[in-house]
Amino acid sequence: MVLITGGAYQGKVDYALEKFNLSRKDIYTCSRDKVELPEGAGIINNVEELVRACLDNGRDPLKYLAARKSRWNKSVMIVNDISCGLVPMDAEDRAYREAVGRTTIYLATEALAVVRVFAGIGKRLK
Amino acid sequence: MNVFISGGAKNGKSSYAQDLAVQMAKEKKCPLYYVATMIPHDDEDRARIERHRRDRNGMGFRTIECGRDIDRELADREGVFLIDSVTALLSNEMFRADGTVDSEASIRIAERLKSLCKTHDGLIFVSDFIYSDGVEYDELTDAYIQGLAIIDRALAKECGKVVEMIHGFPIDYKEERANYDDWTALI
């Protein structure tokens, strides 16, 4: 698994498509209302939304992912870096941001490579 | 060489950009310009501009005041140009004085600055990294953030040096390529 991180609109998906020679049909886009990660996606985009879906359903995102490694350990995972704003006023939003941070660290530990995309350009962190 | 610099607030972008501009002008033995992009709206703005202008005077900058259409302003000039900031260029053109919004502004500015990069050597762009706060904004603010990203990405592609400033340290994104011979082996 390769983890791609970076801020919003920085070109993370374009970067993944180019480097891994994949096409848009290989992308699975996580969303708050999709509670199960499917098997075999080439690119798993918006991992932060999967974290949100886990929290909504009372699941620990780390445990959820750790128990289903086969669904993502051959994928490119893309997560939005949302770590740099003010502490959210809302308790649920605070829990969400923390969970995204912890999940990103977990995935970065598991990943063979971690890339941060900045203004369309990638830099390998691992 | 043209340079793109971004990063969060108070991470040293402007100081780094100014030092780099001074050094580049010295090496190239050419005039040094500061392109002031902020359009003042009140006395507080004017006082701040005056303060910044005095600060820069000692460094040898000549100031060009230009908040819009900077490609036209710079077309026939030669030198090192510090353009601080891309963020202001977009807001000046996207949000018109009459309250309307120019939704084409970002694409137009990206194209024009890209062309400017092809004819000039010695442009230093300073932008703001506003993409990692995780806040869900209203449609207009989000369009602005997306628009700035379009310009940033175009500039980063075009510039020979791309720098993210963090705590006063420059991280060079073009110096060390993230390429791997066989990326597909990693998944």
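What to note about this one:
- When peptides B:108-115, B:27-34, B:149-156, A:23-30 are ranked by their average number of other Cβ atoms within 10 Å per residue, the highest-first order is B:149-156, B:108-115, B:27-34, A:23-30.
- The residues of the protein assembly as shown present an accessible area of 50 Å² per residue when probed at 1.4 Å with all protein chains retained.
- A simple charge model with +1 on the Cβ of Lys and Arg, -1 on the Cβ of Asp and Glu and nothing else charged puts the dipole of the protein assembly as shown at about 1100 debye relative to its Cα centre.
- Among B:T37, B:T87, B:T63, the largest mean-square fluctuation in a Gaussian network model of chain B (Cα springs under 10 Å) belongs to B:T63.
- Measuring r between the beta carbons of A:R124 and B:T141 and using R0 = 41 Å, the FRET efficiency lands at 0.80.
- Interface residues, the range B:133-169 - accessible area loss of 50 Å² or more versus chain alone, probe 1.4 Å: B:R153
- For residues of A:1-10, the mean tally of beta carbons on other chains within 10 Å: 5
- Residue-averaged [θ]222 nm for the protein assembly as shown, counting only DSSP H segments that reach four residues, each worth -39500 (n - 2.57): -12500 deg cm²/dmol
- Highest-MSF residue in chain B out of B:V135, B:V126, B:V35 [GNM, Cα springs under 10 Å]: B:V135
- Helix runs (DSSP H) in chain A reaching 15 Å along axis by Cα, Kyte-Doolittle at least -1.0: A:91-110
- Structure remark: mean-square fluctuation, Gaussian network model of chain B, C-alpha springs under 10 Å; the largest value among B:V101, B:V22, B:V86 belongs to B:V101.
- DSSP H segments from chain B that extend 20 Å or more along their own axis, Cα-based, with Kyte-Doolittle mean of -0.5 or above: B:105-119, B:139-158
- Efficiency of FRET between A:M89 and A:S23 - r from beta-carbon atoms, R0 41 angstrom, step 0.05: 0.50
- Percent carbon-and-sulfur accessible area, the protein assembly as shown, ignoring ligands, DNA and RNA, probe 1.4 Å: 50
- Under 15 Å from the A:I105 label point (7 Å along Cα→beta-carbon), backbone N, the range A:57-97: A:61-63, A:82-84, A:95-97
- Taking amide H as placed 1.01 Å from N in the peptide plane, A:S75 has its amide H under 5 Å from the amide H of A:V2, each at least 5 places away in sequence or on another chain.
- Between A and B, accessible area buried - total, square angstrom, nearest 100, 1.4 angstrom probe: 2700
The values are calculated or read from the model by the stated rules, or taken from the named source; none is laboratory data. Quantities reported herein were computed from a predicted structural model and do not represent experimental measurements. All Cβ positions, glycine included, derive from the backbone under ideal geometry; neighbour counts span all protein chains shown. To get the accessible areas, we keep the full protein, side chains included, count just its heavy atoms, and leave off ligands, DNA and RNA. Shrake-Rupley method; radii C 1.70, N 1.55, O 1.52, S 1.80 Å.
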